[in-house]
Amino acid sequence: MARSLSVIITTYNEADNIARCLESILELANDILVVDSFSTDKTVEIARRYPVRVLERKYLGPANQKNWAIPQAKHQWVLLLDADEMATPALCAEIKTLLVADQAPAADAYWIGRDNYFLNQQIRFSGWQGDRVIRFFHRDQARYNELQVHEEIVTDGITVDSLSGRLDHYTFRSLDHYLDKTRRYAHWSAQDHSKRTTRVGYFHLFGKPFFRFFKHFVLQQGFRDGKVGLMVSAIMAWGVFLRYAFLLEQQKNK
């Protein structure tokens, strides 16, 4: 007998993405939950055109939002997506196979690789080539750590495997969106680093951003992505600079 699947999608002002995301999993799940943070665009209106449940909740951070949403799933097995992601047909087929097997999936949670797109181009290098996230898991076994940036499922005490199917990730709609998101994430990242970095110095403001650019553009071959790879590497470095600039501001204000 096939096991049922719940899909959770967290949203805020994702009118440009939500339909594509939902279309990718309609044939996969019979419980689709959209958890929205009071979007001011047409995200909720578009979502309600589909057979989904919509719950609205104040946003307190990515991990907090997801940890609240997971217990709302009706079924034990969950696929969790951001609205700017799309499950590929290969991934859907693989999950279906796991759910109709004679035995339950062997692991408690599964890594899924992501193919990232920016400015209508797949970014094949620039440090994004190894991107993967844990998004398919048993509802009662998986929870996120409480980081504000790059939150991830806590793997201590659970078994984790990998799927070969992948997600398509349309992470930035435009350069402005990328810059706005980088600035927002830098604010959150400053909070995550406040306890471990008690004093911001020139090394944090210059050395770390310089190495981040070198890492993405040279070591991780961002130059092979051309001009877009240069932009990605520079913005990643700028995000590191902003993290410590915001942290320095916090420390000066104290």
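The values are calculated or read from the model by the stated rules, or taken from the named source; none is laboratory data. None of these values were measured; they are calculated from a predicted model. Here the Cβ positions follow ideal geometry from the backbone for every residue, glycine too, while neighbour counts run over all protein chains shown.
The set of residues from region 109-124 being crowded, with 19+ Cβ neighbours inside 10 Å and in a loop (DSSP other than H, G, I, E, B) comprises just one member, 123. Here is the figure for region 166-209: residues that are closer than 27 Å to residue 228 by Cβ, not in a strand (DSSP E or B) and not small (Gly, Ala, Ser) total 18.
Would you say residue 33 is buried (at least 22 other Cβ atoms within 10 Å of the Cβ), under 21 Å from residue 134 (Cβ atoms), of a type outside the set (Asp, Glu) and in contact (Cβ under 8 Å) with a residue 12 or more places away in the chain?
On the way: buried (at least 22 other Cβ atoms within 10 Å of the Cβ): no; under 21 Å from residue 134 (Cβ atoms): yes; of a type outside the set (Asp, Glu): yes; in contact (Cβ under 8 Å) with a residue 12 or more places away in the chain: yes.
Here the answer is no, as residue 33 does not meet what is asked.
I'd like the full set of residues that are in contact with a Phe, Trp or Tyr (Cβ under 6 Å, 6 or more places away or on another chain) and not β-branched (Val, Ile, Thr), limited to region 189-216. Working first, answer last.
Our first condition is that a residue be in contact with a Phe, Trp or Tyr (Cβ under 6 Å, 6 or more places away or on another chain); within region 189-216, this holds for 190, 200, 204-205, 209.
Those that are in contact with a Phe, Trp or Tyr (Cβ under 6 Å, 6 or more places away or on another chain) and not β-branched (Val, Ile, Thr): 190, 204, 205, 209.
Of the residues making up region 149-171, just one is modelled with pLDDT of 95 or more, under 20 Å from residue 14 (Cβ atoms) and aliphatic (A, V, I, L, M), namely 167. Considering (1) in contact (Cβ under 8 Å) with a residue 24 or more places away in the chain; (2) among the aliphatic types (A, V, I, L, M); (3) assigned to a helix (DSSP H, G or I), the lone condition that residue 230 does not fulfil carries the number (1).
Under 17 Å from the mean Cα position of the chain (by Cα), surrounded by 12 or more Cβ atoms within 10 Å (Cβ to Cβ) and not assigned by TED's automatic domain parsing to the domain that holds residue 105: which single residue out of 189, 194 fits that description? Walk me through how you get there before you give the answer.
Working: 194 fails: under 17 Å from the mean Cα position of the chain (by Cα).
Residue meeting the stated conditions: 189.
Scanning region 14-30 for residues that are touching a helix residue (DSSP H, G or I) at 6+ places or on another chain (Cβ under 6 Å), in contact (Cβ under 8 Å) with a residue 60 or more places away in the chain and of a type outside the set (Asp, Glu) returns 18, 28.
All of 104, 87, 83 fail the test of being modelled with pLDDT of 95 or more and over 19 Å from residue 64 (Cα atoms), apart from 87. Checked across region 101-111, the condition of being closer than 30 Å to residue 213 by Cβ and in contact (Cβ under 8 Å) with a residue 12 or more places away in the chain holds for at least one residue.
For region 179-211, which positions are touching a helix residue (DSSP H, G or I) at 6+ places or on another chain (Cβ under 6 Å) and over 24 Å from residue 146 (Cβ atoms)? If the condition is that a residue be touching a helix residue (DSSP H, G or I) at 6+ places or on another chain (Cβ under 6 Å) and over 24 Å from residue 146 (Cβ atoms), then 205, 209 are the ones that fit.
Okay, residues lined up against (1) buried (at least 18 other Cβ atoms within 10 Å of the Cβ); (2) farther than 21 Å from residue 171 by Cβ; (3) touching a residue at least 24 places away in the same chain (Cβ under 8 Å):
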{"site": "219", "(1), (2), (3)": "no, yes, no"}
{"site": "239", "(1), (2), (3)": "yes, no, yes"}
{"site": "247", "(1), (2), (3)": "yes, yes, yes"}
{"site": "251", "(1), (2), (3)": "no, yes, yes"}
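Among the residues in region 132-145, are any within 18 Å of residue 192 (Cβ to Cβ), in a loop (DSSP other than H, G, I, E, B) and within 15 Å of the chain's Cα centre (by Cα)? Checked against the condition, which is being within 18 Å of residue 192 (Cβ to Cβ), in a loop (DSSP other than H, G, I, E, B) and within 15 Å of the chain's Cα centre (by Cα), region 132-145 yields at least one hit.
Tally time: how many residues in region 53-80 are touching a residue at least 40 places away in the same chain (Cβ under 8 Å) and either surrounded by fewer than 18 Cβ atoms within 10 Å (Cβ to Cβ) or not basic (Lys, Arg) (or both)?
Within region 53-80, the first condition is being touching a residue at least 40 places away in the same chain (Cβ under 8 Å), and the residues that meet it are 59, 61-67, 69-80.
From what is left, the residues that are either surrounded by fewer than 18 Cβ atoms within 10 Å (Cβ to Cβ) or not basic (Lys, Arg) (or both) are 59, 61-65, 67, 69-80.
Looking only at that region, the number is 19.
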